[in-house]
Structure formats: structure tokens, C-alpha cells
Amino acid sequence: MSEQLSGATPNGPVSGFATLYPEVAQAGSLQRALQAAVDRAGYGFVVELTSSPGWRCVAARAAAGGRSVNVLMAEQERCFSVDCWTDGVHMATGSTEDLAEVAGAMDSWLRAPRVRELVEQWPCLRTWELAEAHERGEAVSVRWRQLRAAAVRRQDSALRELVEAAFEQPRLRAFSPGRSMYWLTFSRRAAPPICRDLPGVMSIGQGRYRVRFADGRLQEVDGAAQAVAVILDGLPGDAVPPRDLVVPPAVG
């Protein structure tokens, strides 16, 4: 268990939160107050301090079996922000004024329900399409669909041509696409850690594209089709068609 703080003092680190968060001020930290709420409800999991020293009194977390929940107190109003994660993938978020509700939502998530079940049980939370796609093992195809739609919305013809040219190639379509600043990137998996050894490409205007390789080399070409051809030629020898490695969790 992470280090725990001593109880509150008149000039303690959370004394300024006494009006909005009296139970936190009395306990001395969010971690201690939340652990008390967990223990009262009989949930049986451990609430830890976060790794950020500046948030050690106003944030807390819990983790089990590749899943984690982060909780953070708002400063100007009574509000506990809750974020649920699975193996580095953000799955749900929300907020509530009720500390007991926070403890209940944390317990539900750590017990491994589907994310849709979680948000139906706890309306203070919400999820999104990509999170559910990760559970189904379909995150790569959803990321491609979202990227193609975003390219159309941006009315960026160079990006749209590049995305469509890449999507037409089965080998690239098997990778998870992403956007990093102006670069179109590819990864063997949709969940972290994202692969960094595959080529990326960006538009540099006037129908030209710059391809960046993992070793830092850059190559400029004319046209989206030629850029995609250079990417295919530059794929590592072990760049076999991947699959999304996020396994659907067992239903508890």
C-alpha cells in the first residue's frame, strides 16, 4: 500500500477544502476519506495515493487485474472526477458530489464488468464507442473509421487522400492508425504501448508528403499513393498483420 497521511490539522494540507469536502478535511486526504467509504460499504479493495506529489492529498487511485480508477477533487466546487482505465486504455469518465458513489463505481469497475454495464449501473459515468470496441477486440477497425470520418470533416484533401490511400492497403489497414501532430502514424496494436518502429507520414503541401522512418530518416515523395508505397517498403521484416491485443474482460 502507498504511504498514508496522518489525520487533519487546523493548518493541514487539505484544511482549505473543509467547506466543500468536510470528510476529506477531517480525514487528512482524499485517499483516507475514500478508503473509509470503501471500508464502510465492505468493498474490500485498497485505495492508494497517486504518484504525483502535488496531488497526494486531493487525488487517489485503486487498481486490480490490469484495471485502475483515478479520482480527483475539483478546487472551486464539490466534485469528484472519476476515470476508469484498462491496461492503459481510457474506458469511462464522469463526476459526482457523492463520495460513497465514487467508492461504489470504483468497486464495480475493479470487479470487471463490461463498460456498458458500468455506466448503466452508475449514471454519473459515461463511455464511448472506442472504449467498447476495445472490449470487443475491434478497436483497430473503429479507429480507421473514425480517422476517415475526421479527415472528411477537416476538409483537408491532402490528409483525406493519404488516409484513403493507406486504407486501401490490407497490410496498413491491419495496423492501428493514429495522428501525432501532423503525422499519420501506424501501430501494431490499438492499446498502449503504441509501437514506434513503423513509418509515419505527413503532408507538406502542393501534393507532396514526407515519410519518416523509425531510424530518423526522412523521404519526400509526390502524391499519396507514392507515400503509401514508400511506407509499405519501409515496414520492418517482422511487421506481420497484427490484431488488437485487448482481451475482453471476464464478466464478474
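Could you say which residue among A139, A133, A190, A166 is under 21 Å from D238 (Cβ atoms) and either touching an Asp or Glu at 6+ places or on another chain (Cβ under 9 Å) or modelled with pLDDT under 95 (or both)?
A190
Listed here are the residues, each with its yes/no results for (1) within 29 Å of P193 (Cβ to Cβ); (2) β-branched (V, I, T); (3) out of contact with any strand residue (DSSP E or B) (no Cβ under 6 Å at 6 or more places or on another chain).
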residue: G44; (1), (2), (3): no, no, yes
residue: E48; (1), (2), (3): yes, no, no
residue: G54; (1), (2), (3): yes, no, yes
residue: L72; (1), (2), (3): yes, no, no
residue: C84; (1), (2), (3): yes, no, no
residue: D87; (1), (2), (3): yes, no, yes
residue: D107; (1), (2), (3): yes, no, yes
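Let me confirm something: among E161, E138, which residue is surrounded by 15 or more Cβ atoms within 10 Å (Cβ to Cβ) and closer than 21 Å to A92 by Cβ?
The conditions single out E138.
Here is a list: G16, G42, G28. Which entry is modelled with pLDDT of 50 or more and under 19 Å from A64 (Cα atoms)?
G42
Can you name every residue in segment 175-185 that is open to solvent by less than 40 Å² (accessible area, probe 1.4 Å) and more than 17 Å from the chain's Cα centre (by Cα)?
Scanning segment 175-185 gives F175, W183, L184, T185.
Collect the residues in segment 90-126 that are assigned to a strand (DSSP E or B) and either open to solvent by 10 Å² or more (accessible area, probe 1.4 Å) or over 18 Å from A191 (Cβ atoms) (or both), keeping them in residue-number order.
Matches in segment 90-126: H90, T93, G94, S95, T96, L125, R126.
Give segment 13-32 a look and list any residue that's assigned to a loop (DSSP other than H, G, I, E, B) and out of contact with any helix residue (DSSP H, G or I) (no Cβ under 6 Å at 6 or more places or on another chain), or say none.
P13, T19, L20, Y21, G28, S29
Among the residues of segment 39-85, how many are closer than 17 Å to L118 by Cβ and either of a type in the set (G, A, S) or over 16 Å from the mean Cα position of the chain (by Cα) (or both)?
Going through segment 39-85 one residue at a time, the tally reaches 11.
Scan segment 52-66 and give yes if some residue there is among the hydroxyl-bearing types (S, T, Y) and outside any loop (DSSP other than H, G, I, E, B), otherwise no.
no
Which one of these does F186 not meet: (1) touching a helix residue (DSSP H, G or I) at 6+ places or on another chain (Cβ under 7 Å); (2) assigned to a helix (DSSP H, G or I); (3) within 28 Å of T93 (Cβ to Cβ)?
(2)
Identify, from the list T50, T86, the residue that is of a type in the set (S, T, Y), closer than 29 Å to W128 by Cβ, in contact with a His (Cβ under 9 Å, 6 or more places away or on another chain) and in contact (Cβ under 8 Å) with a residue 12 or more places away in the chain.
Answer to the check: T86.
The values are calculated or read from the model by the stated rules, or taken from the named source; none is laboratory data. Just so it is clear, the structure is predicted and the values come from calculations on it, not from any experiment. Here Cβ is always computed from backbone atoms with ideal geometry, including for glycine, and neighbour counts include all displayed protein chains. Side chains included, ligands, DNA and RNA excluded: accessible areas come from the protein's heavy atoms. Shrake-Rupley method; radii C 1.70, N 1.55, O 1.52, S 1.80 Å.
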